[in-house]
Structures are given as structure tokens and as C-alpha cells.
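Here's the structure we're looking at; comments come further down.
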Amino acid sequence: MGAAVLLLLLAMGAAVLLLLLAVGAAVLLLLAMGAALLLVAVAAAGGGGGSAATAGGGRKGGSTASDREYRNKVQGFKDPVAGHCEPNALLKVMLDMFSDKATSSIFYTTDLMVLIDIIHRQLSDMEAGSKTRTHYLELLYRVLSTTEYTEHNRRQRELTICLSRIAREDLEESERDRELVARIHTAFPLLFEESTVI
């Protein structure tokens with residue numbers, strides 16, 4: 001009788017463990033779906049300058065320069081991209097998600113590959129002096145810093161060509177972009193060498 005009870009308890013324990021694993025898998029699936037939806041939304045937004053939320057002005061309708069100054073001064077809020085250009089909301093979320101390894105780890109490798117494709121397309125399509133291009137360069141730096149990019153090296157050759165083109169721009173408006181490219185080259189010298197283009 002004791003063995004039957006022990007066997008029953010083991011079976012119940014295994015069932016509870018399987019239930020917990022299923023719940024955990026469901027949570028991870030929901031996180032992955034959310035990350036994929038963010039990627040699709042960023043791609044659909046196309047990296048355009050503003051959004052409907054920022055176009056309204058005033059405290060209720062959107063964010064104005066005086067609102068940002070108020071947050072910075074009174075609330076001690078420090079935005080890493082403040083002072084350059086307000087990115088659209090989805091790009092801002094992506095910048096925030098990749099500011100830390102813990103939050104960037106919710107993305108699957110295939111999600112990161114799609115994001116790299118989006119970043120490459122945006123960097124290739126945007127002209128010199130575009131503030132949004134600066135935000136995509138910052139996003140690229142953060143993705144490289146907080147993920148295992150070297151596991152797949154997605155679009156490495158194309159990104160190297162793109163970064164080299166930006167580094168050679170002579171325009172004054174491209175100064176911040178050139179600084180970001182230099183920071184990427186310094187942080188990841190083996191990934192984006194000129195010799196990898198050949």
C-alpha cells in the first residue's frame with residue numbers, strides 16, 4: 001500500500017511539474033509574440049520622424065519641447081536620446097528594450113535577425129543628416145552590445161559597407177552618425193573591419 005501511495009504522489013508531482021512547465025512555456029510564447037509584434041510595428045512605421053502622439057503638442061495631446069524640459073528639470077528624467085531628436089514611439093521602445101541584456105534576452109534569434117534586416121534597410125535608405133538614422137545607429141550599437149550577434153552575424157557584410165559609407169560622409173549634419181559608427185568600430189573591431197567587405 002505504501003508503494004502505491006508513493007507512486008501516486010510521484011505521478012501527482014510530475015503532473016504539477018508538467019503544468020508549471022506548460023504555464024512557463026505559455027508565458028515565454030506570449031513574450032515572444034509581443035516582441036515579434038514590436039518588430040512588425042517598427043517595420044510598418046518605417047522609422048518615420050514623428051507619430052500622432054507627438055504631433056498634437058501640449059500636455060494632453062503629446063510631447064513638446066517644453067514638456068521634455070519640464071520632465072528633465074523637475075522630475076530628474078534623463079533620456080539617452082534627448083537633445084538630438086525625439087524618436088518615434090516604437091523606435092524608442094526598441095532602444096529601451098536593448099539598453100539592457102535582461103530585456104533584450106526576450107527576443108529570439110530569428111526576431112533579432114528580422115530586426116537587423118530592418119536596421120540595415122533603414123540605414124541604407126536614409127540620407128545623411130537624418131535624425132532617425134542616428135537612432136537606428138544607436139539601436140544597432142545596443143543590439144550588438146546586448147545580444148549574441150556573433151552567433152549568426154546577420155547582414156555583417158552589408159552593415160560593414162553601410163557603416164563605412166556613413167563614416168566617409170563629410171557633411172556637418174552627419175557628425176553624430178560618424179561618432180556612433182566610430183563607437184561601433186571601437187567596440188566591435190573584428191565584426192566590422194573594412195577587410196571583411198572584400
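The values are calculated or read from the model by the stated rules, or taken from the named source; none is laboratory data. Predicted, not measured: the structure shown is a model, and the values here were computed from it. Cβ: placed from backbone, ideal geometry, glycine included. Neighbour counts: every protein chain shown. Side chains are part of the model used for accessible areas, which takes the heavy atoms of the whole protein and leaves out ligands, DNA and RNA. Shrake-Rupley method; radii C 1.70, N 1.55, O 1.52, S 1.80 Å.
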Next item on the list: Starting from the range 95-198, pick out the trypsin sites (Lys or Arg not before Pro) whose DSSP state is loop and whose Cβ has at most 13 other Cβ atoms within 10 Å.
Entry: 168
Note to self: Spelling out what I want: for every residue of the range 103-116, take phi, set θ = phi - 60°, compute 6.51 cos²θ - 1.76 cosθ + 1.60 (Karplus), and round to whole Hz; glycine and proline get x.
What the structure shows: 7, 6, 6, 6, 7, 6, 4, 5, 5, 5, 5, 5, 4, 4
Checklist line | residue 152 accessible area, 1.4 Å probe, all protein chains in place, Å² to nearest 10 | finding: 40 Å²
Item checked: Accessible surface, per residue, of the range 96-178 when the full set of protein chains is kept, probe 1.4 Å, Å² -> 48 Å²
Next item on the list: Using the Karplus curve 6.51 cos²θ - 1.76 cosθ + 1.60 with θ = phi - 60°, work out ³J(HN,Hα) for each residue of the range 162-179 in order, rounded to whole Hz, and write x for Gly and Pro.
Entry: 5, 5, 5, 4, 5, 5, 8, 5, 9, 5, 5, 5, 8, 4, 4, 5, 5, 5
Check: Using modelled amide H (1.01 Å from N, peptide plane; none on Pro or chain starts), what sits under 5 Å from the amide H of residue 191, excluding residues fewer than 5 places away?
Finding: none
Item checked: Exposure rank, largest accessible area first [106, 166, 161; 1.4 Å] -> 161, 106, 166
